[in-house]
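The values are calculated or read from the model by the stated rules, or taken from the named source; none is laboratory data. Since this is a predicted model, take the numbers as computed values, not measurements. Please note: Cβ atoms are built from the backbone with ideal geometry, for glycine as well, and neighbour counts cover all protein chains shown. Accessible surface areas use protein heavy atoms only, side chains included; no ligands, DNA or RNA. Shrake-Rupley method; radii C 1.70, N 1.55, O 1.52, S 1.80 Å.
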Amino acid sequence: MTMPVVSIQLPDWVERFLEQSPRIFPGTDDRMRFVIELSRQNVRHGTGGPFGAAVFDSDGQLIAPGINMVVISNCSLLHAETVALACAQKALGRYDIGNGGRLRYDLFATTEPCAMCFGAIPWSGVRRLVCGARDADARAIGFDEGPKLADWVAALNARGITVLRDVLRNEAVAVLQEYAAAGGLVYNTGHQALTT
């Protein structure tokens, strides 16, 4: 048996997109607009689902972007949040982004985390999660977000992770709806292409 190699290689358009983007995003809305545009470009380039994420430092400097790459990578783990976290960990050279709580980093995501991404957040070292669309918005177009604690926000708060929800929610939902209108693949196990 040949051992498979697993790596994360963002599509070429992401590099071009980053070249045209600022490196520092001063406000919360600026950062959310950036991840929403990442998700929109992911849809329009046909490289993944309608989800984007990024890790920023406390000054708003972009550390790492993330896009949903499930279908193009044949790997169900490569959700936008996990891609952003993995890329940030590599960029910073440590699995604990916050370096034992000494440094503050934020994870921005176009949609509230699914069960898997929720599980990854406490171990990443981020101190704040900022979300656009709601879990219900992703479910409305057919995505299965998995079983998650009913009070997941309180669970993260208890671990010292602040959660901010509904930031530019309408704009984030618009990308989900664009994906659905275009007949985007809903890649939950056992599901077929989304029909509208």
Helices (runs of 4 or more DSSP H) lying entirely in segment 74-193 (those with 3 or more residues that are closer than 20 Å to PRO50 by Cβ and among the aromatic types (Phe, Trp, Tyr)): none
Check whether at least one residue in segment 90-97 is under 21 Å from LEU176 (Cβ atoms), buried (at least 22 other Cβ atoms within 10 Å of the Cβ), aliphatic (A, V, I, L, M) and modelled with pLDDT of 95 or more, and report yes or no. no
Has segment 47-54 got at least one residue that is in a helix (DSSP H, G or I) and open to solvent by less than 10 Å² (accessible area, probe 1.4 Å)? no
Can you list residue pairs whose Cβ atoms sit under 8 Å apart, with the first residue in segment 15-39 being open to solvent by 70 Å² or more (accessible area, probe 1.4 Å) and the second being of a type in the set (Asp, Glu)? Count only pairs 6 or more apart in sequence or on different chains. ILE24/ASP59; ARG33/GLU171
Is segment 118-133 home to any residue that is open to solvent by 10 Å² or more (accessible area, probe 1.4 Å), over 14 Å from ILE161 (Cα atoms), without any contact (Cβ under 8 Å) to a residue 60 or more places away in the chain and charged (D, E, K, R)? no
Residues of segment 1-46 classified as over 24 Å from ARG139 (Cα atoms) and assigned to a loop (DSSP other than H, G, I, E, B), total: 18
Quick one: which residue in ILE161, ILE97, ILE67 is within 13 Å of the chain's Cα centre (by Cα) and among the β-branched types (Val, Ile, Thr)? ILE67
Do we have ASN188 as at pLDDT below 95, among the polar types (S, T, N, Q) and either closer than 27 Å to CYS75 by Cβ or open to solvent by 60 Å² or more (accessible area, probe 1.4 Å) (or both) here? yes
For segment 96-125, enumerate the residues that are among the hydroxyl-bearing types (Ser, Thr, Tyr) and either more than 29 Å from ALA150 (Cβ to Cβ) or in contact with a Pro (Cβ under 9 Å, 6 or more places away or on another chain) (or both). THR110, THR111
Give segment 55-85 a look and list any residue that's open to solvent by 30 Å² or more (accessible area, probe 1.4 Å), under 22 Å from ARG159 (Cβ atoms) and among the small types (Gly, Ala, Ser), or say none. SER58
